[in-house]
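**Q** Got a structure here, written out as structure tokens. Questions coming.
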There are 2 protein chains.
Amino acid sequence: MVDGLSFRLVKSCPQTWGRLGELTTPHGVVSTPCFMPVASQASVKAIAPDDLRSIGVDMLLSNTYHLYLRPGVDVVQKLGGLHRFMAWPGPILTDSGGYQVFSLAPLRKVDDDGVLFRSHIDGSEHFLTPERAIELQEALGADIIMVLDECPPHDADISHVEQATQRTQRWAERCQRSRRRQDQALYGIVQGGAFSVLRQWSARAVTDLGFDGYAIGGLSLGETREVMHSMLEVVVPLLPEDKPRYLMGVGSPEELVEGVARGIDMFDCALPTRVARNGALFSRQGRFNITNARFKDLDMPIETGCDCYTCKSFSAAYLHHLFRCQELLAYRLATIHNLRFIARLMGDIRRSLDDGSFLSFKESFLAAYHSTDEEVRLTQKRKWLRSRGQPST
Amino acid sequence: MVDGLSFRLVKSCPQTWGRLGELTTPHGVVSTPCFMPVASQASVKAIAPDDLRSIGVDMLLSNTYHLYLRPGVDVVQKLGGLHRFMAWPGPILTDSGGYQVFSLAPLRKVDDDGVLFRSHIDGSEHFLTPERAIELQEALGADIIMVLDECPPHDADISHVEQATQRTQRWAERCQRSRRRQDQALYGIVQGGAFSVLRQWSARAVTDLGFDGYAIGGLSLGETREVMHSMLEVVVPLLPEDKPRYLMGVGSPEELVEGVARGIDMFDCALPTRVARNGALFSRQGRFNITNARFKDLDMPIETGCDCYTCKSFSAAYLHHLFRCQELLAYRLATIHNLRFIARLMGDIRRSLDDGSFLSFKESFLAAYHSTDEEVRLTQKRKWLRSRGQPST
């Protein structure tokens with residue numbers, strides 16, 4: 001492995017594929033399984049680094065695509081790199097920009113050389129290649145950087161997905177060759193859509209190249225839960241035991257538990273922070289919306305027993321009031337609660353992996369947690385994916 | 001004075017009317033001159049009680065009009081009163097609702113009995129009387145409450161202002177008679193517009209009634225600075241030495257200094273927080289806008305030497321980026337800086353009153369501080385006053 005970066009497998013669950021691990025980076029050690037909140041534009045929306053620390057967040061993800069467009073990678077570099085720019089001293093992972101280019105930017109044109117796209121902000125034209133994706137991420141200076149991948153939509157046909165998977169593989173090689181910094185980990189990405197044969201091919205090909213960690217991309221894009229789970233079950237056994245495994249774009253509380261059970265070490269997702277800003281708050285019983293009239297005069301915290309700043313300080317009635325009045329404080333307080341919920345969940349998962357009780361933790365968590373109805377979930381997810389590329393995203 | 005409430009004049013400036021004092025309330029002691037940030041809807045926009053504490057805010061103002069409409073005074077009372085509802089353990093002052101009714105609510109009709117108005121939120125009709133204003137404020141439970149006053153626009157003619165001033169006086173008597181709680185201070189209000197004779201009459205009449213403190217209302221409403229200063233110079237000598245004097249709706253850094261020099265002990269204003277959300281930030285040199293291109297890659301704090309969380313943690317370039325991207329964090333960080341600027345300014349004023357150097361502090365502050373051009377200021381102020389009553393205010 002590269003300078004100051006390593007992964008240690010601490011313990012494996014005897015009944016599931018769950019694993020307890022330790023990820024060492026130049027900016028600190030992270031216990032895995034871990035969840036990374038998303039700081040798209042060098043800010044986890046509505047909260048600051050002091051909040052992240054008190055929530056217990058260990059590691060963040062930031063988007064190269066967004067930072068490249070605003071404020072520009074040169075500005076971040078001039079300001080001392082991403083950690084210093086956003087005043088976050090802990091570990092950071094940057095994605096390559098690929099996912100945003102393929103989901104957010106209009107008018108893209110992809111060939112083997114790279115991908116031509118227009119900015120969703122001002123329509124300006126840009127060309128992203130594997131070499132450029134590495135160059136940008138080396139300038140940003142995250143602890144972990146990603147290869148450029150082509151990410152087709154969840155309902156693309158097999159020939160489209162096959163072509164994208166093979167191109168992703170060729171781009172991974174080029175990314176590997178072009179890297180210069182030795183103090184950043186570079187992760188490869190397994191693609192292959194919902195097709196087992198392509199997933200298997202991709203997992204074998206990318207591990208043959210040899211990376212510091214392996215991500216599974218192209219999931220949580222509107223396919224059903226069953227498809228995602230079966231793809232994980234195809235891919236994970238083909239990944240090396242001694243490297244971290246990262247499931248991109250997941251997730252919801254229940255999917256974090258399911259992912260850990262299938263051998264995943266790292267997750268990122270904007271969902272906990274995005275739904276918080278709509279008033280959707282997590283509890284061990286499931287997600288509820290604080291704007292509902294039943295909270296109007298409820299003199300109880302959002303979630304009894306939660307130790308977050310929001311629950312320790314304010315009633316559900318006050319949160320309800322702030323959301324009804326569209327007070328800016330609402331978004332910070334709700335974000336703090338949802339991220340603290342996820343941080344506590346990941347802590348509980350790690351403790352149960354440590355003492356061998358993960359399977360029973362998983363079963364009791366999922367029995368108590370009322371998941372969003374699958375059909376509603378898919379409708380919301382697909383609607384959200386379509387709405388991206390609008391100025392508000 | 002009433003239970004647990006008192007005011008002590010500590011020291012008077014030998015060269016100006018400035019005074020150092022100490023205001024004791026059931027929720028803590030406040031050194032004066034003091035500035036109260038505005039928490040219209042039981043929240044100082046974009047920041048939380050933990051921020052207020054770290055900024056060094058001693059006391060808040062909240063608006064009875066807003067709380068009456070949302071969430072309803074009954075809800076706040078059920079949740080344990082305003083302090084507990086908003087998790088602010090320090091002193092609070094509520095206004096009577098009069099100013100908002102006269103500036104914000106459409107379709108109002110005023111007679112001696114009270115004022116009929118429509119909610120600016122849903123158009124529902126409400127009737128506010130002096131007795132009801134006291135009842136609502138007693139239910140909210142602030143440390144200091146205000147009489148109901150009629151507040152005419154700054155350009156009203158003398159007969160309109162005379163009528164309003166006399167009605168304010170009759171309402172003050174009714175407020176005084178109707179109060180029941182002995183653990184809240186009740187302040188009278190001097191009105192009289194820009195007319196010295198009316199201001200004198202009002203100051204004499206309201207002090208004859210005898211209140212726990214005296215506010216000067218109906219200023220900072222679009223009149224020139226000279227008019228405001230001359231009205232203060234007419235009114236302040238007629239107010240008793242041993243009671244706190246509160247200038248409502250002021251202000252900007254330069255007007256705080258000018259107000260202290262004219263014998264004012266207490267101020268409130270939404271300006272520091274409102275302009276912060278537009279990117280207008282205070283420094284000892286004056287107000288500047290962080291969205292200006294010159295900050296794009298400036299690797300310095302907003303204000304060198306400022307000890308606020310924002311300045312200690314982030315560069316001007318990062319703030320510029322957050323504002324350009326409309327990241328929610330921008331509003332919190334800018335609000336923290338502006339309120340900390342005001343808190344430091346008030347601390348400096350109090351120290352200079354204590355050591356006898358206030359006049360030279362005032363002169364050097366005003367010499368360094370580049371005020372907003374008076375014509376621009378009045379245009380902005382009047383535009384903002386007209387725009388109130390829109391859902392966004």
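**Q** Could you grab the pairs with beta carbons closer than 7 Å, sequence gap of 6+ or different chains, first residue in region A:118-131 and buried (at least 16 other Cβ atoms within 10 Å of the Cβ), second one assigned to a helix (DSSP H, G or I) and of a type in the set (Phe, Trp, Tyr)?
**A** A:130/A:171
**Q** Please count how many residues of region B:335-393 are in a helix (DSSP H, G or I) and touching a His at 6+ places or on another chain (Cβ under 9 Å).
**A** Total satisfying the criteria: 2.
**Q** Residues that are not aromatic (Phe, Trp, Tyr): find the strands (runs of 3 or more DSSP E) completely inside region A:1-107 holding 3 or more of those.
**A** A:6-12, A:19-25, A:28-32, A:60-63, A:92-95
**Q** Mind telling me which of the residues A:113, A:50, A:95 ends up being free of Cβ contacts under 8 Å to residues at least 24 places away in the same chain, under 24 Å from residue A:214 (Cα atoms) and not hydrophobic (A, V, I, L, M, F, W, C)?
**A** None of the others qualify; the one that does is A:113.
**Q** Out of A:44, A:10, which single residue is more than 13 Å from chain B (Cβ to nearest Cβ) and either buried (at least 23 other Cβ atoms within 10 Å of the Cβ) or not basic (Lys, Arg) (or both)?
**A** Sole residue among the options that is more than 13 Å from chain B (Cβ to nearest Cβ) and either buried (at least 23 other Cβ atoms within 10 Å of the Cβ) or not basic (Lys, Arg) (or both): A:10.
**Q** Kindly provide the set of residues from region A:198-218 that are among the aliphatic types (A, V, I, L, M) and touching a Leu at 6+ places or on another chain (Cβ under 7 Å), ordered by number.
**A** A:203, A:216
**Q** Further question: Among the listed residues A:39, A:105, identify the single one that is away from chain B (no Cβ under 14 Å), touching a strand residue (DSSP E or B) at 6+ places or on another chain (Cβ under 6 Å), of a type in the set (A, V, I, L, M, F, W, C) and closer than 24 Å to residue A:132 by Cα.
**A** Being away from chain B (no Cβ under 14 Å), touching a strand residue (DSSP E or B) at 6+ places or on another chain (Cβ under 6 Å), of a type in the set (A, V, I, L, M, F, W, C) and closer than 24 Å to residue A:132 by Cα holds for just one of A:39, A:105, which is A:105.
**Q** Checking the condition within 30 Å of residue B:47 (Cβ to Cβ), within 14 Å of chain A (Cβ to nearest Cβ) and over 18 Å from the mean Cα position of the chain (by Cα), which residue from B:120, B:126 passes?
**A** Exactly one of B:120, B:126 is within 30 Å of residue B:47 (Cβ to Cβ), within 14 Å of chain A (Cβ to nearest Cβ) and over 18 Å from the mean Cα position of the chain (by Cα), namely B:120.
**Q** Restricting to region A:345-380, count the residues that are farther than 14 Å from residue A:255 by Cα and charged (D, E, K, R).
**A** Result for region A:345-380: 6.
**Q** Among the residues of region A:142-159, write down those that are of a type in the set (Gly, Ala, Ser) and buried (at least 23 other Cβ atoms within 10 Å of the Cβ).
**A** A:142, the sole residue that qualifies.
**Q** How many of the residues in region B:304-313 are surrounded by fewer than 23 Cβ atoms within 10 Å (Cβ to Cβ) and assigned to a loop (DSSP other than H, G, I, E, B)?
**A** Residues in region B:304-313 being surrounded by fewer than 23 Cβ atoms within 10 Å (Cβ to Cβ) and assigned to a loop (DSSP other than H, G, I, E, B): 4 in total.
**Q** Considering region A:272-291 alone, what residues qualify as being touching a Leu at 6+ places or on another chain (Cβ under 9 Å) and without any contact (Cβ under 8 Å) to a residue 12 or more places away in the chain?
**A** Within region A:272-291, A:288, A:289 qualify.
**Q** Considering only region B:288-303, state which residues are surrounded by 14 or more Cβ atoms within 10 Å (Cβ to Cβ), of a type in the set (A, V, I, L, M, F, W, C) and within 12 Å of chain A (Cβ to nearest Cβ).
**A** Within region B:288-303, B:295, B:298 meet the criteria.
**Q** Hey, among B:169, B:176, which residue is modelled with pLDDT of 95 or more, of a type in the set (S, T, N, Q) and in contact with a Phe, Trp or Tyr (Cβ under 8 Å, 6 or more places away or on another chain)?
**A** On inspection, the qualifying residue turns out to be B:176.
**Q** Still on this model: Taking the stated definitions as given, is residue A:339 farther than 21 Å from residue A:23 by Cα and not assigned by TED's automatic domain parsing to the domain that holds residue A:22?
**A** The answer is no for residue A:339.
**Q** Another question, then. In region A:317-335, how many residues are touching a helix residue (DSSP H, G or I) at 6+ places or on another chain (Cβ under 7 Å) and surrounded by fewer than 24 Cβ atoms within 10 Å (Cβ to Cβ)?
**A** Number satisfying all stated conditions: 3.
**Q** Within region B:50-74, take every residue that is within 14 Å of chain A (Cβ to nearest Cβ) and either among the hydroxyl-bearing types (Ser, Thr, Tyr) or touching a Pro at 6+ places or on another chain (Cβ under 8 Å) (or both) and give me the one that is nearest to residue B:85 (Cα to Cα).
**A** Step by step, filter region B:50-74, then rank; the result is B:62.
**Q** Here's something else I'd like to know. Looking at the structure I just gave you, is residue B:291 outside any strand (DSSP E or B) and under 20 Å from residue B:55 (Cβ atoms)?
**A** no
The values are calculated or read from the model by the stated rules, or taken from the named source; none is laboratory data. Model, not experiment: these values are computed from the prediction. Here Cβ is always computed from backbone atoms with ideal geometry, including for glycine, and neighbour counts include all displayed protein chains.
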